[in-house]
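A short reminder: the numbers here are calculations on the coordinates, not readings from a lab. For clarity, every value in this text was computed on a predicted model and none was experimentally measured. Ideal geometry is used to build each Cβ from the backbone, glycine not excepted, and the neighbour counts take in all protein chains shown.
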Amino acid sequence: MFLTFGFALATLGLAYAMLRFSRQQTRLGRLAAALPAIRDWQAGHSLSLPADTPAFSTHLARLHDCLPPESLYALREACLAGHAADRSLIPGHKRGGTLSYDTLLEVAPAVIGLYLSEELQALCSRIVGASLMPVPVGDQSACSVLLYERSGDHIGWHYDHDFYRGRHFTVLLSIENRGNDRGGVSSAWLEARRGESVERVPTPPNTLVIFEGCRVRHRVTPLARGERRVLVSMTYCTDPSASLLADLARRAKDMAYFGPRALWI
């Protein structure tokens, strides 16, 4: 009986490994197909690098106007070209849309071009004081587009769990933020809790925010009717290796954004 059970587990494990390998080969093929568009974007666009980088003593920093207007416009057009987003709902905690890494490879490789930009990696490394690199392509949250488009879209208070052996950082680039609040931006706010106080982090278009999410408790307040807030979300780390258990935990987390397929993509 135990031998039969062990054989069944081994068979399932082999089938899962083969499925993962097949998916990885497919993903690498998509990346190879997107490389010309990625390189074209990188060759034609650059960052507006600041002379001085902001302090990172609170594990959160913000930069204004980090992209030239034409580069921001190109990214906005790529993000908002009518692509079908994965809508997710966790009652009482999260609601919104997401374009995954795989989806962006197919429909908006310019966004991946920004994520893989050595310029951006160098800038973020300077800010945090550590050498940063992209996470593996199997992580659907490595680079994604977050779409807050419907009344009530939000995400509640949380920390970002670090699934990698190194330190893990989230970088947000505001692509669009329009609505009825002061200055024509939406009423949805990125907020960071520091002890008993809450800091509101302004994110008008072309704002770059970098933070260490496992140390900064944060949320996005609900969107009002008729507003829209769109951000490119990118993940960098100091060591992209991870244990098998951590990898499975990350995939389970990704189900909240991309559904059950996150377990095997």
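Within region 125-143, identify whether any single residue is in a helix (DSSP H, G or I) and out of contact with any Leu (no Cβ under 9 Å at 6 or more places or on another chain), and answer yes or no.
yes
When S88 is evaluated against the numbered criteria (1) of a type outside the set (F, W, Y); (2) assigned to a loop (DSSP other than H, G, I, E, B); (3) more than 18 Å from A34 (Cα to Cα); (4) touching a helix residue (DSSP H, G or I) at 6+ places or on another chain (Cβ under 7 Å), which criterion, by number, is the only one it fails?
Failing condition for S88: (2).
Restricting region 164-184 to residues that are without any contact (Cβ under 8 Å) to a residue 24 or more places away in the chain and under 20 Å from Y73 (Cβ atoms), which is surrounded by the fewest Cβ atoms within 10 Å (Cβ to Cβ)?
Looking at the filtered set, the residue picked out is G183.
Using beta carbons and a limit of 6 Å, which pairs, at least six apart or on different chains, have the first residue in region 106-117 and touching a residue at least 60 places away in the same chain (Cβ under 8 Å) and the second one part of a helix (DSSP H, G or I) and of a type outside the set (A, V, I, L, M, F, W, C)?
G113/Q42; S117/Q42
Are there any pairs with C-beta distances below 6 angstrom linking a residue in region 85-96 that is among the acidic types (D, E) to a residue that is in a strand (DSSP E or B), with the two at least 6 apart or on different chains, and if so which?
Pairs that qualify, where the first residue is among the acidic types (D, E) and the partner is in a strand (DSSP E or B), are D86/T98.
Going through region 147-163 one residue at a time, which ones are buried (at least 23 other Cβ atoms within 10 Å of the Cβ) and assigned to a strand (DSSP E or B)?
Answer for region 147-163, where residues must be buried (at least 23 other Cβ atoms within 10 Å of the Cβ) and assigned to a strand (DSSP E or B): L147, Y148.
Looking at region 209-232, I want the residues that are crowded, with 18+ Cβ neighbours inside 10 Å and have a partner that is of a type in the set (S, T, N, Q) and part of a strand (DSSP E or B) with Cβ atoms under 6 Å, at least 6 apart or on another chain. Which pairs are those?
F211/T170; G213/T170; R229/N177; L231/S174
If the requirement is being loosely packed, with under 15 Cβ neighbours inside 10 Å and under 23 Å from T203 (Cβ atoms), which of these qualifies: A61, A74, A122?
A122
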